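The structure under discussion appears below in the form of C-alpha cells.
The values are calculated or read from the model by the stated rules, or taken from the named source; none is laboratory data. Just so it is clear, the structure is predicted and the values come from calculations on it, not from any experiment. Note that we place each Cβ from the backbone using ideal geometry, even for glycine, and neighbour counts take in every protein chain shown. In case anyone asks, the SASA skips ligands and DNA or RNA and just uses the protein heavy atoms, side chains included. Shrake-Rupley method; radii C 1.70, N 1.55, O 1.52, S 1.80 Å.
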Amino acid sequence: MKRDTLLSSALFRSMRPAELDDILAQATERRFSKGTTILRKGDEGASLMAVLGGRVRIGNVSADGKEVTLNVINPGEIFGELSLLDGKPRSADAIAVEDTLLMVIERRHFLPFLMRHEGLVERLLVVLCDRVRRTSLALEEIALFDLPARLARVLVKLSEDYGHPTPGGTRIDVKMSQRDLSTLVASSRESVNKQLRIWRDNGSVDLESGYLILRNRAALQALYEE
C-alpha cells in the first residue's frame, strides 16, 4: 500500500524500484482518529507526510477566530513539504478529517535522499507549484464568490472526487458535517446550514443517512460559472 501511495504522487511517480525501496525503508506509519490535530501552525518542521488512508484538512484560524481551509489532502498526496525543505515552523494546521493513516518521512532522512536523486528535485518543484496554485484559487474564491457559489463549487468538486450515481442524483460517499463544509468555504456553520436548507427545499440537494446527494448538479454549477 505504501508503494502504491508513493507511485500515485507526482513527486515519486517516476522513481525506480530501488529508489522507492530506499525511501520506504526509512518511513514510518502513524494513525490519527477523526478530528485529531496532526500538526499545529508553528510546530517544528521535521517531516513530510503522505496520506495512505483518510483525508487531512490544511487550514488556519483568522484573527477573528474563523477557520479557513486552504487545502484538503487525499490518499496518495503529500503535505508538510515546505517545512521539510526549509526547516522552518509549520505554516498551517493539519487536522484529520476522518480516521487517517499517514506515512512519515523524517527531514534528516529525506534531504540526503533528495540530494542523491536530482530528478526528484524537479518533481518536488512541480508539486510545490501545484500546491501554491490550489491555495491561491481557494483564496480567490473566498474574495470573489459569495457563499452559495463557494459552497456549490465545493459540493460539485466532492461529487467529482467521491460521487457515485444514485437514483435521481449523485451521492457523495464521504460524510461531511456542516462544520467541515463551513471551514472549506470560510463561513459559519449556521450560514452553511441555512444554504443547505434552501437547496433541499428547491430540490437541488438532499441528505440521506448522513450523506449529501446532489439532485440538480447543473443548478449548482450555474452559481459559480456565470
Segments classed as helices (runs of 4 or more DSSP H), wholly inside segment 146-205, with at least 2 members that are at pLDDT 90 or above, farther than 21 Å from E67 by Cα and open to solvent by 40 Å² or more (accessible area, probe 1.4 Å): 189-202
Residue satisfying condition, being in a helix (DSSP H, G or I) and among the aliphatic types (A, V, I, L, M), within set L70, L7, L48, L52: L7
Residue tally, condition in contact with a His (Cβ under 9 Å, 6 or more places away or on another chain) and of a type in the set (S, T, N, Q), over segment 7-46: 1
Extreme residue, farthest from D161 (Cα to Cα), among residues of segment 175-205 that are in contact with a helix residue (DSSP H, G or I) (Cβ under 6 Å, 6 or more places away or on another chain) and charged (D, E, K, R): R189
Subset tally (residues that are surrounded by 14 or more Cβ atoms within 10 Å (Cβ to Cβ) and free of Cβ contacts under 8 Å to residues at least 60 places away in the same chain) for segment 206-226: 8
Any hit, segment 16-35, residues being of a type in the set (K, R), open to solvent by less than 30 Å² (accessible area, probe 1.4 Å) and at pLDDT 85 or above: no
Residue in segment 93-106 that is open to solvent by 70 Å² or more (accessible area, probe 1.4 Å), farther than 19 Å from L6 by Cα and assigned to a helix (DSSP H, G or I) present: no
When residues of segment 206-219 are limited to those that are in a helix (DSSP H, G or I) and out of contact with any helix residue (DSSP H, G or I) (no Cβ under 7 Å at 6 or more places or on another chain), the one nearest to P148 (Cα to Cα): A219
Residue under evaluation T135, criteria (1) at pLDDT 80 or above; (2) closer than 27 Å to P89 by Cβ; (3) surrounded by 11 or more Cβ atoms within 10 Å (Cβ to Cβ), criterion not met: (1)
